[in-house]
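Enquirer: My structure is below; once you've seen it, I'll send some questions.
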Amino acid sequence: MNAGRKFALTGLVLWLSACASVPETRKDSKLTGPEGGPVTAISTSPKPGEAKSGDAKSGDVKPQTKEPAPVAKSLAGPERDFTSAVEVARRGELTIAEAALKALLEKSPKLGPAWTNLGIVQERQGRFPDAERAYRQALVLDTDQEAAWDCLVRLAARTGRAASLEAELREALTKQDSVARRTALALNLLLQKKHPAAVAEARRALQVSEQHVPAMQVLAQVYAREGKYELASMVLGNALAIDSQDAATLNALGLVHLGLKERPLALERFRQAIALRPDFAEARNNLGTLLNQGEDYSGARVELEAAVKAAPDFAAAHLNLGNAYRGEGDFPRALAEYERVLQLQPDTKDVYFNLALLHLDLEPAGMDALERLQKAASFLEQYKSKGGTDERTAQYLKDAQKGIDRETRRRERERKEGLKKAAEAAKAPEANPTPASPPGPPATRPGASGKVSKDVQ
């Protein structure tokens, strides 16, 4: 692999630790690559069933390694069944987890957190209508269940219905104010990139509940997107002082540290978030992205494989996992990850840039060299046609064309040499005629005894 060529990093995301699906993205915070990785809204979901260990300063967080359940409220009676279903889901056994949650809900249909987790499992399976029904059922049972609002808001944004949900939330707020609904509206506006309106709604929520961490997270996200990293850091520091075990806050702080050029601190924050929530796909993706940047491809692969296991349709993590495989020289697996990105986000452009570099830098067994280079050039042209503006594109196109020309000339030389050898072989009988066969033995007389030469038997 050409160490001088760097792939596109679709990378650091602030996103939900419970609802593991593809977030809406935006191109902020330049990283290595055509455009910096998408930065999406931070989690506003409450942490499920976590035991709080007491407040800590933002610089002295000691996360516990125990995995919490993915919803905040503890369940009475069927808690064991609920916890068991959650653990099965965390292992990636989604069909079994769904069956367990449905069985639990048949016995206890009013368990809102179970409905939310059922929606999460269904969303991870790509069944969005089923997931939305489950989230809405959770909200029928408890209109203030923030995890359900968070999942519903993000699902609406990903499926192009953010505007309609915004109208629904605004109408509901005219009838009854609610911190959870207002925070959901703030997140909805953030995902639509309506930053001033998002700030206004987050502040309204904080006026009602000044220690409402999810609203703080939305507010800090807006500040970070606007490049106000010091202000974002202050808000998140306050949030961490309120709840030192909030993985989403730690993940958000990691991105703020990156904005402040504090890479070691960013790495530490992402690791702290993962220690609290091992299935936090976005924190693992963020850590994997930084490890890719540092060319620790094996370390990045571990984090990114865990990210896509937790969130199978997380396109950014698939792209970064492809980058890690490419860094390790594993062409087939890198190609498979990039193709998965195209399945999830057909209109993305960065993946074409990375596909081009994959074909430029690696030489898989069994692939024709000229075909490989032609594909590299084609991918770069597709990247340009989709609006890609990375300044390295022109040079990489030149590299691909030089390789094509070199391979074409080599093949032409071989063709000419082959023709020359064939012509020489054809002329050889004329220049060196075959000598006449020697005369045979004298004829024998009838009845005469004699031996026949072994040469002419």
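The values are calculated or read from the model by the stated rules, or taken from the named source; none is laboratory data. These numbers come from a predicted model, not from an experiment. Here the Cβ is made from the backbone with ideal geometry for all residues, glycine too, and neighbour counts use every protein chain on show. Heads up: the accessible areas ignore ligands, DNA and RNA and are worked out on the full protein's heavy atoms, side chains in. Shrake-Rupley method; radii C 1.70, N 1.55, O 1.52, S 1.80 Å.
Enquirer: How fast does region 201-359 diffuse by Stokes-Einstein, in µm²/s, taking the Kirkwood radius from C-alpha pairs at 4 °C and 1.567 mPa s?
Expert: Result for D is 78 µm²/s.
Enquirer: Quick one: if you stick a label point 7 Å off each Cα along the C-beta vector at Lys261 and Lys228, how many nm between them?
Expert: Reported label-point gap for Lys261 and Lys228 is 2.2 nm.
Enquirer: Check the straight Cα-Cα distances from Lys228 and name the aspartates and glutamates below 18 Å, setting aside those fewer than 8 residues away within the same chain.
Expert: Asp28, Glu262
Enquirer: So, one more: May I ask you to give the solvent-accessible area per residue for region 179-325, in square angstrom, as obtained with a 1.4 angstrom probe?
Expert: Heavy-atom accessible area per residue stands at 31 Å².
Enquirer: With θ set to phi - 60°, apply the Karplus curve 6.51 cos²θ - 1.76 cosθ + 1.60 along region 281-289 and write out the HN-Hα couplings as whole Hz, x wherever there is a Gly or Pro.
Expert: Calculated HN-Hα couplings, in order: 4, 5, 5, 5, 4, 4, 5, x, 4 Hz.
Enquirer: Right, next: Report ³J(HN,Hα) in whole Hz for each residue of region 206-219, in order, from the Karplus equation J = 6.51 cos²θ - 1.76 cosθ + 1.60 where θ = phi - 60°; Gly and Pro get x.
Expert: Once θ is set to phi - 60°, the couplings for region 206-219 become 6, 5, 7, 9, 5, 10, 7, 4, x, 5, 4, 5, 5, 4 Hz.
Enquirer: Between Arg127 and Lys398, what is the spin-label point distance in nm, taking each point 7 Å from the Cα along the Cα→C-beta axis?
Expert: Here the modelled spin labels are 5.5 nm apart.
Enquirer: If I ignore ligands, DNA and RNA and count only protein heavy atoms, how much of Ser108 is accessible to a 1.4 Å probe, in Å² to the nearest 10?
Expert: 30
Enquirer: Taking the Cα centre of each part, how many Å lie between region 294-348 and region 243-264?
Expert: 23
Enquirer: Could you let me know the centre-to-centre spacing of region 368-397 and region 151-223, using Cα atoms, in angstrom?
Expert: About 41 Å separates the Cα centre of region 368-397 from the one of region 151-223.
Enquirer: Now for a separate question. For region 216-350, which whole-number percentage of the solvent-accessible area (1.4 Å probe, protein heavy atoms only) is attributable to carbon and sulfur atoms?
Expert: Carbon and sulfur: 52 percent of the exposed surface of region 216-350.
Enquirer: What ³J(HN,Hα) values, in whole Hz, does the Karplus curve 6.51 cos²θ - 1.76 cosθ + 1.60 give for region 177-193 when θ = phi - 60°, with x put for Gly and Pro?
Expert: For region 177-193, the Karplus-derived couplings read 6, 7, 4, 5, 5, 5, 5, 4, 5, 4, 5, 4, 5, 4, 5, 8, 6 Hz, x marking Gly and Pro.
Enquirer: Once Rh for region 129-283 is found with the Kirkwood sum over Cα pairs, what is the Stokes-Einstein diffusion coefficient at 20 °C and 1.002 mPa s, in µm²/s?
Expert: Stokes-Einstein gives a translational diffusion coefficient of 134 µm²/s.
Enquirer: Just add up the charged neighbours of Arg301: K/R +1, D/E -1, any other residue whose Cβ is under 13 Å from the Cβ of Arg301.
Expert: Net charge in that neighbourhood comes out at -3.
Enquirer: To continue, here is another question. Taking 2.2 N^0.38 Å as the expected size of a compact globular protein, what ratio does the Cα radius of gyration of region 280-437 give against it, to two decimals?
Expert: That works out to 1.52 for region 280-437.
Enquirer: Could I ask something else about it? So, in nm, how far is label Arg136 from label Arg91 when the simple model puts each one 7 Å beyond its Cα toward the Cβ?
Expert: According to this spin-label approximation, the distance is 3.4 nm.
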